[in-house]
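Please read the structure below before turning to the comments.
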């Protein structure tokens, strides 16, 4: 797809109306040159990733080591900002034409938007020919982080498991439950939660979660989707990539929500769970106020940080019959760090990217922080880097439960135009949304979810049809079949040959 096509596709987004001119380019042989005036070249980096937060973060420690190594030649200044502050700062920088040398995509935008508007410089010629080989296979995809054959970013992390059962061993032991045998089935989860709650006498409960969080991958939505993956992985998340249809009214989601309702009826959920945020839920869990917490991969290191005294374990989320759930992900997302098209130091930027930001020393620090897996398999498999005993289970769960799903962007890069029309695949403009409906039933404001979920599902399917039709009418080469992968087996990684088999 040509750059002009992307400009049309991204019209109306974060930077579509802003003007920018292409910057300079260069190449690197791994040796830094000083700036033209003989001074150190100052390379600025802005981001909202936690790995840049604080002097002891893996990102800031990496920057410090890099600066010591290249003292007198290159000095990197990395700045972390929370999302809201960062988004405003980048918007102002785009408007003024004064972007940092390296910057991260703001919330609700992607790489393609910035490339389309001439705000990003490709990595080609700035890093070595073998640079890409350090990442896992499939890390660079046309239409995602590669546009018209040019590379604009890299995968920041490895696979990220969004659903893990955390169990507090001390709480289980006090309730007379074997702390080394977490529940595997829904019935076991319900029974253990009842026992803990009864023993807790109003102070300790079976389950806590951040039910006050909103959004497509948090709060009640995340809880239900975590359970649904054990019934039908295709339906979890609300869109079935096998059929190309939305699945919010599926049996898997209905059964999973019913279990949540039963847990509430049992009185096994910490009452404040329905209004508290995820961070609060994690602290309550770590403080021993609940036995079980279903949350994503980040909760492990956060509990370690906020309540270091907590004794807890990790396990797969229970399923109806105790079998393994399956969760899916795409190896590459159209988000990440980019080079400003107006950077005055392209060569030095390339050296920093290759020998600092994406170097093994950074990812080793990153893994040791316990935040997530890296995009380099050899580092993920190095047990000497694991920060604490639980990390071994953390890695095993990722390997056992995560599988690569099909990606419509890989099948047809022009589907990006459809996503722009929708805002996102989950169509955030359509209200009430999935989470709104579930919350309404949980609060008692609505009696049942089946009818509203069916109506919501129908609206989403109609919205996708209309968006495809609109893009086709404007000359786009897209169809509903681009979102359909009938040969997808959720228990297996969707591979390059699977895409070929569809043609």
Gyration tensor (alpha-carbon) shape descriptor, segment 74-197, a/c threshold 1.5: prolate
Cβ-derived FRET efficiency at R0 56 Å, residue 198 paired with residue 91, nearest 0.05: 0.60
Once you have a ≥ b ≥ c as the square roots of the Cα gyration tensor eigenvalues for segment 231-316, tell me rounded if a/c is under 1.5, and otherwise prolate or oblate according to whether a/b is larger than b/c. prolate
Report relative contact order for the chain in percent, whole number only (criteria: Cα-Cα under 8 Å, sequence separation at least 6). 22 percent
In nm, what is the difference between 0.36 nm times the number of residues separating residue 383 and residue 160 and their Cα-Cα distance? 78.5 nm
Gap separating the Cα centres of segment 95-146 and segment 351-374, nearest whole Å: 18 Å
Based on the Cβ-Cβ distance of residue 245 and residue 392, what FRET efficiency does E = 1/(1 + (r/R0)^6) give at R0 = 35 Å, to the nearest 0.05? 0.35
Could you check the spin-label model distance between residue 309 and residue 79? Points 7 Å from the Cα along Cα→Cβ, value in nm. 4.0 nm
Could you calculate the contour length gain from residue 277 to residue 321, that is, 0.36 nm times the residue separation minus the distance between their Cα atoms, to one decimal place in nm? 12.8 nm
Sorting 218, 340 on the 10 Å Cβ count, fewest up front, what's the list? 218, 340
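Read the figures in this text as sums done on the coordinates, not as results from a lab. Being a predicted model, the structure only gives us computed values, none of them experimental. So basically every Cβ, Gly included, is an ideal-geometry build from the backbone, and we count neighbours across all protein chains shown.
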